[in-house]
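Following: one structure in structure tokens, then a few remarks.
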Amino acid sequence: MPLSEQEQRLLDEMERHLMRNDADVVSAPRDGRTLSYRNIVYGTILVLLGIGGLIAGVSTGLVVIGVIAFVVMLGGVMLAVTPTRGAARTPADDRRPRSTTPPSSTSFMDRMNDRWDRRQDGR
């Protein structure tokens, strides 16, 4: 059963709204904290050094070297996944289109429900 023109417009508007909101959710930094590529690189280097130290500790039979290498690996992972505060904006954030309309006080679903009610009442 095909949709009427009004239903098709409503569906298109809802799709545009969802696409805009999904893009906002994906690209928005959480609490101003983002991962730093520098920290990821340094953390990866520490993990690789730790793996090398762990192999050296196992091959020589010295438990102390293995424990120290494990601590270095753990520190590398913690450094790599720790977000930094106040990181610079990415270029992808600058390319995102900006909305020129001010945000409304009612939610999208409230407006859709109002439209539905008006359509059902014949207004």
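The values are calculated or read from the model by the stated rules, or taken from the named source; none is laboratory data. Please read all numbers here as calculations on a predicted model, not as lab measurements. Note that each Cβ is placed from the backbone with ideal geometry, even for glycine, and that neighbours are counted across all protein chains shown.
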Listed by first then second residue, the pairs whose first member lies in the stretch 11-22 and is within 14 Å of S107 (Cα to Cα), whose partner is part of a helix (DSSP H, G or I) and modelled with pLDDT under 85, with beta carbons under 6 Å and at least 6 positions apart or on separate chains, are H17/F108
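For the condition assigned to a helix (DSSP H, G or I), at pLDDT below 95, surrounded by 14 or more Cβ atoms within 10 Å (Cβ to Cβ) and aliphatic (A, V, I, L, M), what is the one hit in L18, L54? Even if it seems obvious, please write down each step before you answer.
Values: L18 fails: surrounded by 14 or more Cβ atoms within 10 Å (Cβ to Cβ).
Only one candidate qualifies: L54.
When you scan the stretch 33-51, how many residues do you find that are of a type in the set (G, A, S) and within 12 Å of G76 (Cβ to Cβ)? Before you say what the answer is, go through the steps one by one.
Narrowing the stretch 33-51 to residues of a type in the set (G, A, S): 36, 43, 50.
Filter again for within 12 Å of G76 (Cβ to Cβ), leaving 43, 50.
Number of matching residues: 2.
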Practice problem: Say whether the condition of being loosely packed, with under 11 Cβ neighbours inside 10 Å and either at pLDDT 90 or above or at negative phi (or both) is met by at least one residue in the stretch 63-75. | Solution: yes
